[in-house]
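The values are calculated or read from the model by the stated rules, or taken from the named source; none is laboratory data. All of these numbers come straight from a predicted model, not from anything done at the bench. All Cβ positions, glycine included, derive from the backbone under ideal geometry; neighbour counts span all protein chains shown. Side chains are part of the model used for accessible areas, which takes the heavy atoms of the whole protein and leaves out ligands, DNA and RNA. Shrake-Rupley method; radii C 1.70, N 1.55, O 1.52, S 1.80 Å.
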Amino acid sequence: MRKQNRNMRKHVAALMILLMLFLTACGSSVNDERPVKTEEEAQLTKAETARLTEAAPKATNTPSATPTLQATPTPEEDYGAAALEELIVILTEAEQEVYESYRKINDDPGESYDVIVNGAVVMREASEKLKELKTKADAIKNLDPNIRNAANVYFEMVIYSRESLQEVYHFFEQQLRVYLDPIPEFGKYKFSEYCDALADWYDRQDKIIYSIEEVPPCVEAAWEKYKRTYNLNATILRKSEAAKSLNDWLRYYSCKYLAMRFVTAEEQDFDALLACLRGEFEFAKNQANVASALAAEISSCSGMSREVRTAYNFEYNRNTKITVDYSAIDTIYPALYNTYNAFVIVKTGCISGNRRITVEAEIPGYTQKYRQTFTLDASFKAIEIKPPVLTSDIDLSTAKQAQIVVSVFEQDGYTLIDAKSFPVTIKSRNDFEWSSDEYGVSTKDNILCYLTPESTSITQLKRTAIDEISAMTGGKMESFAGYQGSQFDHRVTTYIEAAGIMRALNVMGIRYNMDVFSLSNSHQHILLPREVIESRSGLCIETSLVVASALQSADMHAFLIFPKNHAMVAVETWAGSGEYLLIETTALADSSNTRQIFVDGANNLINNKYPGGPISYLTASEWHDYLQNKVEYIIDCDDSTVLGLTAFSN
C-alpha cells in the first residue's frame, strides 16, 4: 500500500510540474493579460491549481493511535484508486506531448511557409500520439464514472485542438503557394507582353486555388472572400486582352490600377486568413490550459477517499462552455457602406463539445437588427457582422456618435450569455476617405460609390441635355440613347451627347467650385450628384461624378481621370472602339460653354479635325503620353459593378 501511494504521489507531482512548465511555455493562461472570457469567468492560475491539489484529502499510511474495528479498504477492494493511478501516468505523458507540441513550433503560429509546414507535421504527430494515449486510457478498467468522463473531456480538448490546428496549418501549406506567387507587375513588362504574363500567372493560380477542397471551418468565410477577390483577376485579364487588341491605353492603365487594388485587397484577405490561424492557435492554447487544469484536478483525486472521489464535481470539466471576445470598428463612412466587410467581429468557440448560439447586433438609429444562429464546436469561429441599414430616412447631414450593440444568446434567442457595446462615429454622407483599410478595402476606386446613374436628379439633367442636343443638331438628334446610333458617325454622336450634358449643367445654373481638391488628402467632403445639382455648385470631382453618372445612365463607357489636383471624365466613342473623348467637366461658365462652341467641335470631328473646347479627342499616342506623364490615377466606371461599389441608399 505504501509503495502504491508513493508511486501515485510521484505521478501527481510530475503532472503538476508539467502543468507549470506548459503554462509558462504558452506564455498565456486562461487568466493572462488578454483573458478569453467564459460564462463562469472561471480562470486558471497557479495558485488555484495549488489550491485544488492541497485542498484534496491526502491518503495516509500512519496507523491510528486507537485501534478500530473498521477495516481500511485494501487496493483490491478500492479498484478505482488503482485505476486512477494508471490514468495519472497516461495524463502525465499526454501533458508532456502537448507541451512538446508547442515547444517544437516555438509557441508561435508562424507565417512563413517552412514554419507552416512544420506546424502541420508537429500537430499531426501530436494528435496521433494523444489518440494512442486516449486508447490506453479508454482501456483502463474500474475508473470511477465521473473520472472517466473528465478524462474523456480532457482528451477531447487536447486531441481536437491539435487536429484543428493541423487542419489549418495544412490549408495554409496549400494557400501559401498562391500568395507567394504574386501578380505580375506592370512596370516589368512591355504593354504587348503583360497580357501573356498575366494569363500564365492566372492559369497557375487557378489550378492551385480550385484544387483546395478541404477548408477548415474557422477559415471558410475568409477563404470565400479571398476567392471573390481573386476572381477580380478575370476582369483584369479580359481588360488587358482588350487593351492589347485595341491599342487602348485607358483600358491598359485601368488594368494597372485595378491590379493595384487586387494587391491591396489580397493582402487584407490574407491577413484575415492569418487572423483565423492566430485565432485557432490562441483558442487551442486556451483549451490546452483548461485541459491542464482538468488533469491537475483529476490528479488531486488520488488522495481522496472513495466516497469523496466518486462524488467529486470537476470545476474544469468545461463541456459546452463557450468563450466570447470582440473587435469593432470605431468610424463608419456611410457613403462607403458597401465597401465594409464588417462593423464588428465576434470571436467565439466551445472549449469542448457543441453548442448553438444566437447573435444579435445593431447600431440603434442607423441599422436594422442583425440576428443569426450559429453552431459552435471545439474550434475557433470568427463571426463578421454588418447589420443592414435602416430603410427609413436617416439624418446623415453631419457626423454623430453612436453605439454598436452586440448580444450573444442561447439558441432560444432570449437567455443572455454575453452583451457588449462599442462607441462608433458615424460620419456624414459627404465624408469620403481616400485611403484606409479598416474592415474593408479602401482605395481610390471607392469613389465609384458616389456614382448615381439612376437618381431622379440625373434623369432631370438628361431631359435638359436632350433639349440641348436637339437644339445643337437642328432636330437631327432627339434623344440621349448612348451607343444606339444616329445619322452621325460614332465619334460625332458620342461627342454631341457629352456636349448635351455639359450644356445642361450650364443651363441649370451649375458652376465650378474652385476649392482645393487632391487625391493626397486622407479625407474629403464630397457632394453627391443630386446635391451638386440642387446646390448648383461643385468641385471638379463632384461635377465629374455628375457627368459620369449621366453617361453611365445611358450605358456608356466612362472613366474618371485624375491629373494632379484635378478630376475629369473620359468617354469611349463607341462600345469597344478603344477611342476616347476627354471632358473638362468644370468648363461651366458662359464664356466656355455655349452651343456654338460644341457645334463647332462636332463639325471639326465630322471633318476629321480635333474638336477643341471643353471636349477634346486624343489619339492613342496622345493618351499614352498624357496618362504616363500627367495623370495620377484613372478609374473605369464599369468596375463599379465588378467591385460591388454601388451608391449607399436606405
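Taking GLN401 as the residue in question, decide whether it is over 28 Å from SER520 (Cβ atoms), modelled with pLDDT of 95 or more, surrounded by fewer than 16 Cβ atoms within 10 Å (Cβ to Cβ) and within 19 Å of the chain's Cα centre (by Cα).
Here the answer is no, as GLN401 does not meet what is asked.
Mind checking which pairs have a first residue in segment 558-572 that is farther than 12 Å from THR585 by Cα and a second that is surrounded by 23 or more Cβ atoms within 10 Å (Cβ to Cβ) and of a type in the set (D, E, K, R), Cβ under 8 Å, 6 or more apart or different chains?
Between residues of segment 558-572 that are farther than 12 Å from THR585 by Cα and residues that are surrounded by 23 or more Cβ atoms within 10 Å (Cβ to Cβ) and of a type in the set (D, E, K, R), the close pairs are ALA558/GLU572; PHE559/ASP636.
With GLU282, GLU267 as the choices, which residue is under 23 Å from ILE351 (Cα atoms), part of a helix (DSSP H, G or I) and not hydrophobic (A, V, I, L, M, F, W, C)?
GLU282
Can you name every residue in segment 616-634 that is charged (D, E, K, R), surrounded by 14 or more Cβ atoms within 10 Å (Cβ to Cβ) and in contact with a strand residue (DSSP E or B) (Cβ under 8 Å, 6 or more places away or on another chain)?
Within segment 616-634, just GLU632 meets the criteria.
Do any residues in segment 370-381 that are surrounded by 14 or more Cβ atoms within 10 Å (Cβ to Cβ) have Cβ atoms under 6 Å from those of residues that are among the basic types (Lys, Arg), where the two are at least six apart or on different chains, and which pairs are they?
From residues that are surrounded by 14 or more Cβ atoms within 10 Å (Cβ to Cβ), the pairs are LEU376/ARG355.
Identify, by number, the condition in (1) in contact (Cβ under 8 Å) with a residue 24 or more places away in the chain; (2) surrounded by 14 or more Cβ atoms within 10 Å (Cβ to Cβ); (3) under 19 Å from ALA498 (Cα atoms) that LEU645 doesn't meet.
Of everything listed in (1) in contact (Cβ under 8 Å) with a residue 24 or more places away in the chain; (2) surrounded by 14 or more Cβ atoms within 10 Å (Cβ to Cβ); (3) under 19 Å from ALA498 (Cα atoms), LEU645 misses just condition (3).
Being among the hydroxyl-bearing types (Ser, Thr, Tyr) and assigned to a loop (DSSP other than H, G, I, E, B) is the filter; apply it to segment 415-432 and report the residue that is surrounded by the most Cβ atoms within 10 Å (Cβ to Cβ).
SER428
Being closer than 12 Å to THR367 by Cβ and either modelled with pLDDT under 95 or loosely packed, with under 15 Cβ neighbours inside 10 Å (or both) is the filter here, so list the residues in segment 387-398 that pass it.
Selection gives PRO388, VAL389, LEU390, THR391, SER392, ILE394.
Which of the residues spanning segment 547-558 are touching a Lys or Arg at 6+ places or on another chain (Cβ under 9 Å) and buried (at least 22 other Cβ atoms within 10 Å of the Cβ)?
The one that is touching a Lys or Arg at 6+ places or on another chain (Cβ under 9 Å) and buried (at least 22 other Cβ atoms within 10 Å of the Cβ): ALA550.
Give me a count of the residues in segment 527-540 that are surrounded by 22 or more Cβ atoms within 10 Å (Cβ to Cβ), touching a helix residue (DSSP H, G or I) at 6+ places or on another chain (Cβ under 8 Å) and outside any strand (DSSP E or B).
Going through segment 527-540 one residue at a time, the tally reaches 5.
Of these, SER518, SER577, SER592, SER522, which one is among the hydroxyl-bearing types (Ser, Thr, Tyr), touching a Lys or Arg at 6+ places or on another chain (Cβ under 9 Å) and open to solvent by 30 Å² or more (accessible area, probe 1.4 Å)?
SER577
Of these, ALA151, ALA139, which one is among the small types (Gly, Ala, Ser) and buried (at least 17 other Cβ atoms within 10 Å of the Cβ)?
That would be ALA151, the only listed residue that is among the small types (Gly, Ala, Ser) and buried (at least 17 other Cβ atoms within 10 Å of the Cβ).
I'd like to check which helices (runs of 4 or more DSSP H) are fully inside segment 552-650 and have at least 1 residues that are in contact with a Gly (Cβ under 9 Å, 6 or more places away or on another chain).
595-606, 620-629
Against the definition (open to solvent by less than 50 Å² (accessible area, probe 1.4 Å) and in a helix (DSSP H, G or I)), how does LYS131 come out, yes or no?
Criteria not met by LYS131.
I'm trying to understand the selection: among the residues of segment 598-615, which are open to solvent by 50 Å² or more (accessible area, probe 1.4 Å) and free of Cβ contacts under 8 Å to residues at least 40 places away in the same chain?
Scanning segment 598-615 gives ASP600, ASN603, ASN607, ASN608, LYS609, TYR610, GLY613.
Would you mention how many residues in segment 78-87 are out of contact with any Leu (no Cβ under 6 Å at 6 or more places or on another chain) and open to solvent by less than 10 Å² (accessible area, probe 1.4 Å)?
Residues flagged as out of contact with any Leu (no Cβ under 6 Å at 6 or more places or on another chain) and open to solvent by less than 10 Å² (accessible area, probe 1.4 Å) within segment 78-87 amount to 3.
If you take the residues of segment 189-247 that are of a type in the set (Asp, Glu) and assigned to a helix (DSSP H, G or I), which of them is farthest from ALA342 (Cα to Cα)?
GLU193
Does segment 348-369 hold any residues that are surrounded by 19 or more Cβ atoms within 10 Å (Cβ to Cβ) and either of a type in the set (S, T, N, Q) or at negative phi (or both), and which are they?
Result: THR348, CYS350, ILE351, SER352, ARG355, ILE357, VAL359, ALA361, GLU362, ILE363, TYR366, THR367.
Taking the criterion of being more than 30 Å from GLY365 (Cα to Cα), open to solvent by 10 Å² or more (accessible area, probe 1.4 Å) and of a type in the set (Val, Ile, Thr), would at least one residue in segment 445-463 satisfy it?
Within segment 445-463, one or more residues are more than 30 Å from GLY365 (Cα to Cα), open to solvent by 10 Å² or more (accessible area, probe 1.4 Å) and of a type in the set (Val, Ile, Thr).
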